[in-house]
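Asker: I have a structure I would like to understand better, so I am pasting it below and will then ask my questions one at a time.
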Amino acid sequence: MLELILASLPLAIVASVPLLLAVQGELVVQRSGMINLGIEGMLLAAAFGASLTSSVAGGLAGAALVALIFGLFVIQLRADQIVTGTAINLLVAGATGFAYRELRPASPPPLDPDWITPFAWIVAPVALALLLWNTTAGLRLRASGENPSVVRAARYRSTALGIQALLAGLGGAHLALALSNGFAENMTAGRGYIALAVVIFGRWKVKGAVIGTAVFGIAAALQYAFQAGNYGVPYHLLLATPYVVTLLILCGITGRVRAPEWLGK
């Protein structure tokens, strides 16, 4: 079993990049006091934009558009965050599916932005940790989630949403350009929702978010390894393994975490 886990690590590291970037973006947003369920739609829009333009820039544009919609309703119009995020996911899933069927974009040539993987696992976590816990801007961003009356919460929540759009844009682009051969409907496969769970598992800390993503990534990689090894485990059971692991993790930490005071308000 140990040899199987070690052999699965390279696949886990690369395959977990979109999830890890989504987790880090959601962590920043939740630290500012918002819950963005629309992270699933943001990843999907980024994947579609990257596939359509065969570039990382297209992914960033797709994620930025979704972030603008979420920010308009939640920050400016003070709409309910949960309802807005859910509506965005439904909107993006329908819009990208319709556009894909109508446009039928050609599959982009194989493109592997090698720099995204080390960026996701090393550069982004270090940069976010330094920003959130070692700068005045980070302190004020976190204050927006704890006591927004003492800072210009709208400003720092907008900044957090911009950071999330950047990270989710890279994650969606990596999913479409490096892990897949172009776009497919609902290709995010719940990564946005898993990201929400991993943020809770990580106790809204960067280190915890990276560890939680690694656990999910190893479970997902083992799923593929067991399939390739033909161990006689039912296929559908293997597909469910990463999600079961996530549920078990959440069940194990229930009641022992403290969310930002104004999260979702």
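Asker: From the list Ser144, Ser149, pick out the single residue that is more than 13 Å from the chain's Cα centre (by Cα), in a helix (DSSP H, G or I), surrounded by fewer than 22 Cβ atoms within 10 Å (Cβ to Cβ) and not hydrophobic (A, V, I, L, M, F, W, C).
Answerer: One residue alone meets the criteria, Ser149.
Asker: Of Ile122, Ile75, Ile35, which residue is within 20 Å of Ala153 (Cα to Cα), surrounded by fewer than 20 Cβ atoms within 10 Å (Cβ to Cβ) and either touching a His at 6+ places or on another chain (Cβ under 8 Å) or not polar (S, T, N, Q) (or both)?
Answerer: Ile75
Asker: Being in contact with a His (Cβ under 7 Å, 6 or more places away or on another chain) and either closer than 18 Å to Ala178 by Cβ or crowded, with 24+ Cβ neighbours inside 10 Å (or both), is that true of even one residue in the stretch 12-29?
Answerer: Taking every residue of the stretch 12-29 in turn, at least one turns out to be in contact with a His (Cβ under 7 Å, 6 or more places away or on another chain) and either closer than 18 Å to Ala178 by Cβ or crowded, with 24+ Cβ neighbours inside 10 Å (or both).
Table: residues versus (1) aromatic (Phe, Trp, Tyr); (2) surrounded by fewer than 18 Cβ atoms within 10 Å (Cβ to Cβ); (3) on the phi > 0 side of the Ramachandran plot.
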{"residue": "Thr96", "(1), (2), (3)": "no, no, no"}
{"residue": "Glu102", "(1), (2), (3)": "no, yes, no"}
{"residue": "Val126", "(1), (2), (3)": "no, yes, no"}
{"residue": "Asn134", "(1), (2), (3)": "no, yes, no"}
{"residue": "Leu139", "(1), (2), (3)": "no, yes, no"}
{"residue": "Leu167", "(1), (2), (3)": "no, no, no"}
{"residue": "Gly171", "(1), (2), (3)": "no, no, no"}
{"residue": "Leu179", "(1), (2), (3)": "no, yes, no"}
{"residue": "Phe183", "(1), (2), (3)": "yes, no, no"}
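Asker: While we're on this one: Can you find even one residue in the stretch 17-31 that is out of contact with any helix residue (DSSP H, G or I) (no Cβ under 6 Å at 6 or more places or on another chain) and either among the hydrophobic types (A, V, I, L, M, F, W, C) or farther than 30 Å from Val151 by Cα (or both)?
Answerer: No, the conditions are met nowhere in the stretch 17-31.
Asker: Moving on. Among the residues in the stretch 213-227, are any modelled with pLDDT of 80 or more and not in a helix (DSSP H, G or I)?
Answerer: Scanning the stretch 213-227 turns up no residue that is modelled with pLDDT of 80 or more and not in a helix (DSSP H, G or I).
Asker: Could you list, in sequence order, the residues of the stretch 12-41 that are outside any loop (DSSP other than H, G, I, E, B) and within 23 Å of Trp262 (Cα to Cα)?
Answerer: Ala22, Val23, Gln24, Gly25, Glu26, Leu27, Val28, Val29, Gln30, Arg31, Ile39, Glu40
The values are calculated or read from the model by the stated rules, or taken from the named source; none is laboratory data. Not measured: the values here are computed from a predicted model. For neighbour counting, all protein chains shown are included, and Cβ atoms are generated from backbone atoms with ideal geometry for every residue, glycine included.
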